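Structure first, commentary second.
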Amino acid sequence: MIPVFATYFGELLKEREDPYYQISLTVEGHACQHDVLYKVFGDLRDLYSSSMLYGQAGMTEESKKRQMDACVVGGLRGGRSAVESGQLAEAREKAFAKTRKPIILTKDGIDTIYPSVQEAARSIGGYPCALSKVANGKRNHHLGYTAKWTS
């Protein structure tokens, strides 16, 4: 079957559903065809398709189905569905909430409590990694701030 995005086929795209242009392929064969199209026409989407299909070669049928279902949902919405609906931001927030620890920064004798090391670093223009090292006792200070985890 001619790929949907294969604009390099020009007028043949109109014949996409014609059985003449459809053949049965294994997963490996399908990947190989995308490889050839990438090498001939240079469209990165063919490279991505072949990479995904080569990854499927050793998978169980159930795993392939789950992966394809996920690809279809992302592909139908152009890969932006999670961002538009807020799901990606919500998932990221939940992941951070599980690992977030409040931190106290001290400079010139003034203590300030932040909900997370990322928030603290953002407010002082520093780096989360460096603040974590200070709080864990591996560094003395970062940008003049000392840090400790709240209990």
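The values are calculated or read from the model by the stated rules, or taken from the named source; none is laboratory data. Being a predicted model, the structure only gives us computed values, none of them experimental. Neighbour counts run over all protein chains shown; Cβ positions are idealised from the backbone, glycine included.
Tabulated data for the structure shown
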read-out: Test for A82: is it surrounded by fewer than 13 Cβ atoms within 10 Å (Cβ to Cβ), modelled with pLDDT under 65 and over 30 Å from W149 (Cβ atoms); value: no
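Condition check ((1) at pLDDT 65 or above; (2) in contact with a Leu (Cβ under 7 Å, 6 or more places away or on another chain); (3) not basic (K, R)) across all residues:
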| residue | (1), (2), (3) |
| --- | --- |
| A89 | no, no, yes |
| I110 | yes, no, yes |
| A121 | yes, yes, yes |
| S132 | yes, no, yes |
| A135 | yes, no, yes |
| N140 | yes, no, yes |
